[in-house]
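Working notes, structure below.
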Amino acid sequence: QVQLVESGGGLVQTGGSLRLSCVSSGRTFSSYGMGWFRQAPGKEREFVAAIDSSGTGTYYADSVKGRFTISRDNAKNMVYLQMNSLKPEDTAVYYCAGRPLAGASTRFGGYDYWGQGTQVTVSS
């Protein structure tokens, strides 16, 4: 069973930056596609960013393109989400997700493993 643990959330002002981290317990992390999703109060969980197992393929939601960057360090079993130019509408619980396939997915149903989430709050 793979466990994912997120960290790095917090309170930040509009225009600020945060870096989310996610560590995986799986021994085959380097073969997993990984993603970040978020869920705001009263809304459905939505795709934010994804990265394939090698780190060469990345995908972003239009709402975060140009502001967020997903990356990974397979030697450390880590995936990151660098968030810049944050806006109040980025406020949500952010979830790390993993799948035992090399390719990335933008679909919620494309992932088998989920972290517990980390809260990001952007004040106006």
- State yes or no: is residue 50 among the aliphatic types (A, V, I, L, M) and open to solvent by less than 40 Å² (accessible area, probe 1.4 Å)? yes
- Item | Neighbours by Cβ (under 7 Å, 6+ apart or cross-chain): first from the stretch 57-82, free of Cβ contacts under 8 Å to residues at least 60 places away in the same chain and open to solvent by 60 Å² or more (accessible area, probe 1.4 Å); second among the small types (Gly, Ala, Ser) and outside any strand (DSSP E or B) | 59/104
- Query: For residues in the stretch 86-99 being in a loop (DSSP other than H, G, I, E, B) and either closer than 15 Å to residue 20 by Cβ or among the aromatic types (Phe, Trp, Tyr) (or both), which is least open to solvent (accessible area, probe 1.4 Å)?
  - Reply: 86
- For residues that are touching a strand residue (DSSP E or B) at 6+ places or on another chain (Cβ under 6 Å), in a strand (DSSP E or B) and more than 17 Å from residue 39 (Cβ to Cβ), tally how many sit in the stretch 67-85. 8
- the stretch 1-59, residues that are outside any strand (DSSP E or B) and in contact with a helix residue (DSSP H, G or I) (Cβ under 9 Å, 6 or more places away or on another chain): 2, 14, 40, 44, 45, 53, 54
- Task: Look at the stretch 15-40 and say how many of its residues are free of Cβ contacts under 8 Å to residues at least 12 places away in the same chain and either surrounded by 13 or more Cβ atoms within 10 Å (Cβ to Cβ) or of a type outside the set (Lys, Arg) (or both).
- Result: 0
- Message: Looking only at the stretch 100-121, how many residues end up being part of a strand (DSSP E or B) and either hydroxyl-bearing (Ser, Thr, Tyr) or buried (at least 21 other Cβ atoms within 10 Å of the Cβ) (or both)?
- Response: 4
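The values are calculated or read from the model by the stated rules, or taken from the named source; none is laboratory data. As the structure is a prediction and not an experimental result, all values here were calculated from the model. Glycine also receives a Cβ, built like all others from the backbone with ideal geometry; neighbour counts cover every protein chain displayed. With ligands, DNA and RNA removed, areas are computed over all heavy atoms of the protein, side chains included. Shrake-Rupley method; radii C 1.70, N 1.55, O 1.52, S 1.80 Å.
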